[in-house]
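All remarks here apply to the structure that follows.
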Amino acid sequence: MSVLLGILALVLTVAPGAWAHESRPAYLEINETTAGRYDVLWRTPLLSGMRLPVTLRFPDEVRTVTGPVVRDLSDSLVECRLIEAPGAGLAGQRVEFVGLQATITDVLVRVALRDGRRVTALVHPSQPWIEIAAVRGPLARALGYFTAGVHHILLGVDHLLFVLGLLLIVKDRWTLAKTISAFTLAHSITLAVATLGHASAPAGPLNAAIALSILFLGPEIVRAWRGETSFTLRHPWVVAFVFGLLHGFGFASGLTTLGLPAGEIPLALLMFNVGVEVGQLAFVVLILLLERAFRVLEVRWPRLVERLPAYAVGSLGAFWTFQRIGSLLMGAR
């Protein structure tokens, strides 16, 4: 298994460094206040300190009445404006997200019309626009949050590398089950706590700590190969739980940055968490299936290749740790 996981770890390392937990979605909220007039809130995450290069494009006949007024937050930029759409308003119209196709970021869209219709949708880079037309019920909204959770874990390279590191230090399936369950329980706790507003963690120190959790596993993988032992190797589920609490705050950024209304949070929290767990489980199952296929085929690897897993996990963890600590120090000046 260690050889296969090392190859997969190297595949993940070719992803841009910004992918490491920088897949927070953008958020667009449109509320019709009077006939044909809409309050617009457009929130874009800051990616490595830079604004997401995506802009809104409304139909040509839409006129901006006031704004936009821009507010700088620690992790995002918020634009507020008032627009006016003649005739039937925005119903049946298309709103485009220019530049989204060049990113890995989704956009959560919520629209409230005066006739009671509510539209909630998740816009992907592969189709960077939305048509404000059909009514979307609770099932459609739940699917949108579920999809956002799956995307968040599968695009969060640092989370996946941490899971890879855990797989490399466990010795049997029962230990694997306990370790992954502990990680799941821990990040579910902090995901819920942070989303409900009971606790929070600053993005900079949090991302540095998440990187440090990956770096921590590198030496443990080497110890496992040498036949040595440590508390982590004897009780990997304990380490998974402790660091899982950190990763849960990271997962929460996918929801807390959206500024969801209170009535939408329970559904969003539940389905986003389910999406994260499904994505994580799919990743683990894929690795186990590939590992079994390699074992059945009796593939033999050079010794150098067999050493790659620890180097990939440890080196990338070290790079992210120094990069993120450096960003913190530069920002403190």
Helices (runs of 4 or more DSSP H) (entirely within the stretch 229-333) containing at least 3 residues that are over 30 Å from residue 120 (Cα atoms) and free of Cβ contacts under 8 Å to residues at least 24 places away in the same chain: 265-296, 308-331
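Residue-wise test of (1) at pLDDT 85 or above; (2) outside any strand (DSSP E or B); (3) within 17 Å of residue 107 (Cβ to Cβ); (4) among the small types (Gly, Ala, Ser).
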| residue | (1), (2), (3), (4) |
| --- | --- |
| 27 | yes, no, yes, no |
| 33 | yes, no, no, no |
| 43 | yes, no, yes, no |
| 67 | no, no, no, yes |
Name the pairs whose Cβ atoms lie under 8 Å apart, with the first residue in the stretch 186-206 and more than 17 Å from residue 277 (Cβ to Cβ), the second among the hydrophobic types (A, V, I, L, M, F, W, C) and open to solvent by 60 Å² or more (accessible area, probe 1.4 Å), and 6 or more positions between them or separate chains? 204/328; 205/328
Scan of the stretch 45-55 for residues that are on the phi < 0 side of the Ramachandran plot, of a type outside the set (Val, Ile, Thr) and either open to solvent by less than 30 Å² (accessible area, probe 1.4 Å) or not in a strand (DSSP E or B) (or both), ordered by number: 45, 52, 53
Are there any pairs, at least 6 apart or on different chains, whose C-beta atoms fall under 6 Å, with the first in the stretch 119-141 and over 26 Å from residue 53 (Cα atoms) and the second surrounded by 13 or more Cβ atoms within 10 Å (Cβ to Cβ) and at pLDDT 80 or above, and if so, which? none
Residue count, the stretch 189-214, condition open to solvent by 60 Å² or more (accessible area, probe 1.4 Å) and either hydrophobic (A, V, I, L, M, F, W, C) or in contact with a Cys (Cβ under 9 Å, 6 or more places away or on another chain) (or both), comes to 3
Evaluate the following for residue 110: is it within 17 Å of residue 28 (Cα to Cα), modelled with pLDDT of 85 or more and either touching a Gly at 6+ places or on another chain (Cβ under 6 Å) or surrounded by fewer than 17 Cβ atoms within 10 Å (Cβ to Cβ) (or both)? no
On the given criteria, is residue 231 out of contact with any Ser or Thr (no Cβ under 7 Å at 6 or more places or on another chain) and closer than 22 Å to residue 106 by Cβ? no
Identify the single condition in (1) surrounded by 13 or more Cβ atoms within 10 Å (Cβ to Cβ); (2) of a type in the set (A, V, I, L, M, F, W, C); (3) out of contact with any helix residue (DSSP H, G or I) (no Cβ under 6 Å at 6 or more places or on another chain) that residue 269 does not satisfy, given that it satisfies every other one. (3)
So, in the stretch 262-300, exactly how many residues are among the hydrophobic types (A, V, I, L, M, F, W, C) and over 26 Å from residue 158 (Cβ atoms)? 6
Of the residues in the stretch 78-99, how many are assigned to a strand (DSSP E or B) and either among the polar types (S, T, N, Q) or modelled with pLDDT of 90 or more (or both)? 12
So in the stretch 80-98, with the set limited to residues that are open to solvent by less than 20 Å² (accessible area, probe 1.4 Å) and out of contact with any Gly (no Cβ under 6 Å at 6 or more places or on another chain), which one is farthest from residue 52 (Cα to Cα)? 90
Within the stretch 215-228, count every residue that is touching a residue at least 60 places away in the same chain (Cβ under 8 Å) and open to solvent by less than 20 Å² (accessible area, probe 1.4 Å). 3
Any chance the stretch 280-295 includes a residue that's of a type in the set (Phe, Trp, Tyr) and under 19 Å from residue 43 (Cα atoms)? no
Among the residues of the stretch 129-188 satisfying the criterion of being in a helix (DSSP H, G or I) and among the charged types (D, E, K, R), which is least open to solvent (accessible area, probe 1.4 Å)? 158
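The values are calculated or read from the model by the stated rules, or taken from the named source; none is laboratory data. The structure presented is a predicted model; accordingly, all values stated were derived computationally and were not measured. Using ideal geometry, Cβ is built from the backbone for each residue, glycine included, and neighbour counts are taken over all protein chains shown. In case anyone asks, the SASA skips ligands and DNA or RNA and just uses the protein heavy atoms, side chains included. Shrake-Rupley method; radii C 1.70, N 1.55, O 1.52, S 1.80 Å.
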